[in-house]
Amino acid sequence: MPTDTMNPETAVTWGPFIQAAAAQYASDPGELNPASIKGMPAGYTLVRTIQMSDFFGPQQTRAFYGFVAVGGDPKTAVVAIRGTASATEWWDDMHWDLVPFTKVANGGKVADGFFGIYTTLGTMTPGQPESSQASATFAADIAQAVAGGLAAELDPALPTVVCGHSLGGALATLLVADVTANTPLKPQAWTFASPRVGDAIFAARYGGLTTVSWRIYNLVDIVPYFPADVSDSYQPVTAGYAIDSLGKAHWSLSCAHALNTYMHVLSPTTVPLAPACQ
């Protein structure tokens, strides 16, 4: 279970990494493996890039989805996963049947769409012309990237943060559970606008595995309330931290869900609100 106190200033530290992943994809959706990340916070070195595939349809094309970087003081490894950016990704998101989370023993059940995408994730060495493919050992690959980037042996004390927005928050949650259960690392989890990921058994298992974990959600954003079913099978993971953008930002579905809105509400003096949501 989380052992620290939620610090909004710490939370907004991780937002720019997610924004950089999203901006990188938006600038060149066809670039699977960039040698550098546009807008990545200064003082960080890119270690690995992350790719995924749309699991639905006859052509399952690979796409850039995030990265692993190291830097800061104290030196920290950051795994950043962007949010949903295409119609096909939204379609993948909408597959809400519960399926076993087989990556973790006694892991309960999670949304078919999220798990389907998670199983397609893989990593690449930045800028290298190697082929991109799903990895059966994605969590172990991430752990090795963290250790390599920090020039250290795998150890629970290695400072590691996994962060994501929207669908990226759901995938970050699955990754943190997988890494914590199956590698020596004990990463922190910071998610923004994450949908619910799985059932009560998954939520409890996740809570028992994690140390520092904050699921930040906007009360007027609809995404954190989904998936939902008639039997109320889906349960949010610990620990939730609610914000409310009403009166602080223009209300629309997109503004309520935007990462910039989340960051502005968390730290209005340091994060300007996007003009479109003022």
>> Within a 10 angstrom radius of the beta carbon, how do THR137, THR180, THR211, THR5 rank from fewest other beta carbons to most?
In response: THR5, THR137, THR211, THR180
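Find the Cα radius of gyration of the chain, compare it with 2.2 N^0.38 Å by division, and give the number to two decimals.
Working: Rg = 17.2 Å, N = 278, 2.2 N^0.38 = 18.7 Å.
Scaled against compact globular proteins, the figure is 0.92.
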> Of LYS38/LYS75; LYS38/LYS103; LYS109/LYS186; LYS186/LYS248, which sit over 26 Å apart, Cα to Cα?
Replying inline: LYS38/LYS103; LYS186/LYS248
> Between TYR241 and residues 5 or more places away or on another chain, which pairs have amide H atoms under 5 Å apart, with H built 1.01 Å from N, and which residues are they?
Replying inline: ARG215, ILE216, TYR217
> How compact and how long is segment 141-241, expressed as Rg and Dmax of its alpha-carbon atoms in Å?
Replying inline: 14.1, 49
>> I need the phi-derived Karplus couplings for segment 163-173: 6.51 cos²θ - 1.76 cosθ + 1.60, θ = phi - 60°, integer Hz, Gly and Pro marked x.
In response: 9, x, 10, 6, 4, x, x, 5, 5, 4, 4
> Going by a 4.7 Å Cβ-Cβ cut-off, which cysteines of the chain have no partner at all?
Replying inline: CYS163
> Looking at TYR225, MET6, PRO126, which one has the Cα that reaches farthest to the positive end of the dipole of the chain (charges on Cβ: Lys, Arg +1; Asp, Glu -1)?
Replying inline: MET6
>> Quick check: pseudo-label points 7 Å beyond the Cα along Cα→Cβ at PHE226 and SER36, how many nm apart are they?
In response: 3.8
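Taking the number of other C-beta atoms within 10 Å as the exposure measure, put ARG82, ARG196 in order starting with the fewest. The partial results should precede the final answer.
On the way: ARG82 30, ARG196 26.
Ascending Cβ contact count within 10 Å gives the list ARG196, ARG82.
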> Can you give the FRET efficiency for ALA274 and ALA151, using 1/(1 + (r/R0)^6), R0 = 35 Å, r = Cβ-Cβ distance, to the nearest 0.05?
Replying inline: 0.40
> What is the spin-label model distance, in nm, from ALA23 to SER233 if the labels are put 7 Å beyond Cα along the C-beta direction?
Replying inline: 4.0
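Values in this text are rule-based calculations from the coordinates and carry no lab data. Just so you know, these numbers come straight off a predicted model, no measurement behind them. Here Cβ is always computed from backbone atoms with ideal geometry, including for glycine, and neighbour counts include all displayed protein chains.
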